[in-house]
Amino acid sequence: MDILNQLKNMKEVFWINPNYKSFHEVVETLPVKLEDVIDAKERLERFAPFIEKAFPEVRGGIIESPISSIPRLKTWMEEEMEMRIPGSFLLKRDDLLSIAGSIKARGGIYEVLKHAEKLAMDNGILSMEDDYSILCEDRFKEFFKDYTIQVGSTGNLGLSIGTISAKIGFKVIVHMSSDAKEWKKDLLRSKGVEVIEYPDDYSKAVEEGRKNSDMDPNSHFVDDENSKDLFLGYAVGGLRLKDQLDHMGIVIDEKHPLVVYLPCGVGGGPGGVAFGLKLTYGDNVHCYFAEPTHSPCMMLGMVTGKHEEISVEDIGLDNKTEADGLAVGRPSGFVGRLMDSLLSGAFTIEDSKLYYYLKGLYNEEGIFIEPSSLAGFNGPIFTNILYKDKHPYQMMWATGGSLVPKGEREKFLTR
Ligand SMILES: *Cc1c(COP(=O)(O)O)cnc(C)c1O
């Protein structure tokens, strides 16, 4: 219970998951299978001709992000912390993902495309053998405009769902929480998306969005807390990582484990990616979730075993953080249970540290990412002794940033 007290007092904590098990012991018992992720990957490949036509900046129509090596950041961190950190530092650049500029381009876009495919197929206007670029034709826009997509969001999921839905031709309503940034709402409205704002937090926006959607039989609600499709879209990213590392000549094995630090909000993004990584690398990948000290919902749910039945407000926290993508008070129970024996551990980070690393990364490597994206950077310090006799590839998963307007960037960099 010591961990609980530390969470209550908003101390930075590192939690090693006592339920962690070897992957082959649990893989058969999980509610999501490798086949499901492969199915999602293939669906995204079917949609590639559409994506390429609708968003010419996405070459080949596959939305994927590069990996940057960040050795100068490692040296800087070792000097700052006065400690040796084993292995090499890598940055996964989901901040650069096309269309949404965040990790939400994975799950959000996948779920909307899957829904569109099903509607079109059920109505006999699309078949699997078609070249999906026909979806850009007016007759499809005419068809999709009778259907609505709705979602509750702290910002980035709304950006992703709103942009892709509007492009397909759906009517789309994004229910935004009070922490959502103004520029995100403005950007969405400029694309013809209806944005409804709520004075409360994200859970309220989700609840209202769900209610609103349930009243309309032609409306689909993207359920960030429970959606298996969102999860599968994220998981594809984990599957694809191996090809990328292979191309870089990086071989992952027991002596060279992949250690991944994933910023976590409700859990779908980091959970999906972690699941895809476990399917790929099994026991040679170690996944850690990172959360703000003001909103450690996933760690709280997993430590207590109460998952979605407990919120950070229940232990007296305010759920107010500069990491707007992570400002979630109640975790996904679906993800928490699924990760129960797959997650190596989790840790928290103070808001001031997000800015400290934001500037460090910018000064050392010339890379700007948004505050939420820096949550994982405490990871190598916490796990330092665990991997000291190996050569770990320490991968910080940057989850967003490329769409942040210039004025906002300057504000972040001068804090
Ligand atoms: C949404 C988000 C996350 C976390 O994803 P969840 O599915 O909410 O856990 C991390 N970083 C950024 C920038 C995000 O927008």
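Which of the following residues is farther than 26 Å from Pro405 by Cβ and surrounded by fewer than 24 Cβ atoms within 10 Å (Cβ to Cβ): Asp246, Asp179, Asp200, Asp186?
Among Asp246, Asp179, Asp200, Asp186, only Asp246 is farther than 26 Å from Pro405 by Cβ and surrounded by fewer than 24 Cβ atoms within 10 Å (Cβ to Cβ).
Determine which single condition Ser332 fails, assuming it passes every other condition in (1) free of Cβ contacts under 8 Å to residues at least 60 places away in the same chain; (2) more than 21 Å from Val259 (Cα to Cα); (3) hydroxyl-bearing (Ser, Thr, Tyr).
Going through the list (1) free of Cβ contacts under 8 Å to residues at least 60 places away in the same chain; (2) more than 21 Å from Val259 (Cα to Cα); (3) hydroxyl-bearing (Ser, Thr, Tyr), Ser332 breaks only (1).
Results for (1) within 12 Å of the ligand (Cβ to nearest atom); (2) surrounded by fewer than 21 Cβ atoms within 10 Å (Cβ to Cβ); (3) closer than 18 Å to Leu30 by Cα, shown as yes or no for each residue.
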residue	(1), (2), (3)
Ala274	yes, no, yes
Gly282	no, yes, yes
Glu309	no, yes, no
Gly325	yes, no, no
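In this structure, is Ile367 more than 27 Å from Phe23 (Cα to Cα), crowded, with 22+ Cβ neighbours inside 10 Å and in contact (Cβ under 8 Å) with a residue 60 or more places away in the chain?
Against the criterion (more than 27 Å from Phe23 (Cα to Cα), crowded, with 22+ Cβ neighbours inside 10 Å and in contact (Cβ under 8 Å) with a residue 60 or more places away in the chain), Ile367 does not qualify.
Quick grid of which residues meet (1) more than 20 Å from Ala274 (Cα to Cα); (2) away from the ligand (no atom under 14 Å from the Cβ); (3) modelled with pLDDT of 95 or more; (4) not assigned by TED's automatic domain parsing to the domain that holds Gly249:
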position: Glu364; (1), (2), (3), (4): yes, yes, yes, no
position: Ile367; (1), (2), (3), (4): yes, yes, yes, no
position: Ser373; (1), (2), (3), (4): no, no, yes, no
position: Gly401; (1), (2), (3), (4): yes, no, yes, no
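I need the full set of residues from region 313-325 which are touching a residue at least 60 places away in the same chain (Cβ under 8 Å) and among the acidic types (Asp, Glu), in order please.
Within region 313-325, Asp324 is the sole residue that qualifies.
Looking at Pro263, is it under 30 Å from Val172 (Cβ atoms) and surrounded by fewer than 17 Cβ atoms within 10 Å (Cβ to Cβ)?
For Pro263, the condition - under 30 Å from Val172 (Cβ atoms) and surrounded by fewer than 17 Cβ atoms within 10 Å (Cβ to Cβ) - is not met.
Quickly run through region 19-71 and pick out the residues that are surrounded by fewer than 15 Cβ atoms within 10 Å (Cβ to Cβ) and among the basic types (Lys, Arg).
Lys21, Lys33, Arg59, listed by residue number.
If I filter region 51-101 down to residues being assigned to a loop (DSSP other than H, G, I, E, B) and within 16 Å of the ligand (Cβ to nearest atom), which single residue comes out as nearest to Lys353 (Cα to Cα)?
Applying the filter and picking the extreme gives Gly101.
Scan region 82-117 residue by residue and report those that are in the same structural domain as Phe377 (by TED's automatic domain parsing) and of a type in the set (Asp, Glu).
Glu82, Asp94, Asp95
Could you pull out every one of the helices (runs of 4 or more DSSP H) wholly within region 266-339 that has 2 or more residues that are among the small types (Gly, Ala, Ser) and assigned by TED's automatic domain parsing to the domain that holds Met10?
Result: 268-281, 333-339.
Ile310 - would you say it is hydrophobic (A, V, I, L, M, F, W, C), touching a Leu at 6+ places or on another chain (Cβ under 7 Å), farther than 20 Å from Asn378 by Cα and free of Cβ contacts under 8 Å to residues at least 40 places away in the same chain?
The answer is yes for Ile310.
Considering Thr321, Thr304, which residue is more than 14 Å from the ligand (Cβ to nearest atom), of a type outside the set (D, E, K, R) and farther than 23 Å from Pro392 by Cα?
Thr304
May I ask you to list the residues in region 137-183 that are of a type in the set (Val, Ile, Thr) and farther than 28 Å from Thr321 by Cβ?
Passing the criteria: Thr148, Ile168.
Test Ser227 against the stated conditions and say whether it is among the polar types (S, T, N, Q) and touching a residue at least 40 places away in the same chain (Cβ under 8 Å).
When the stated conditions are applied, Ser227 passes them.
The values are calculated or read from the model by the stated rules, or taken from the named source; none is laboratory data. Quick caveat, the model's predicted, so the values are computed rather than measured. All Cβ positions, glycine included, derive from the backbone under ideal geometry; neighbour counts span all protein chains shown.
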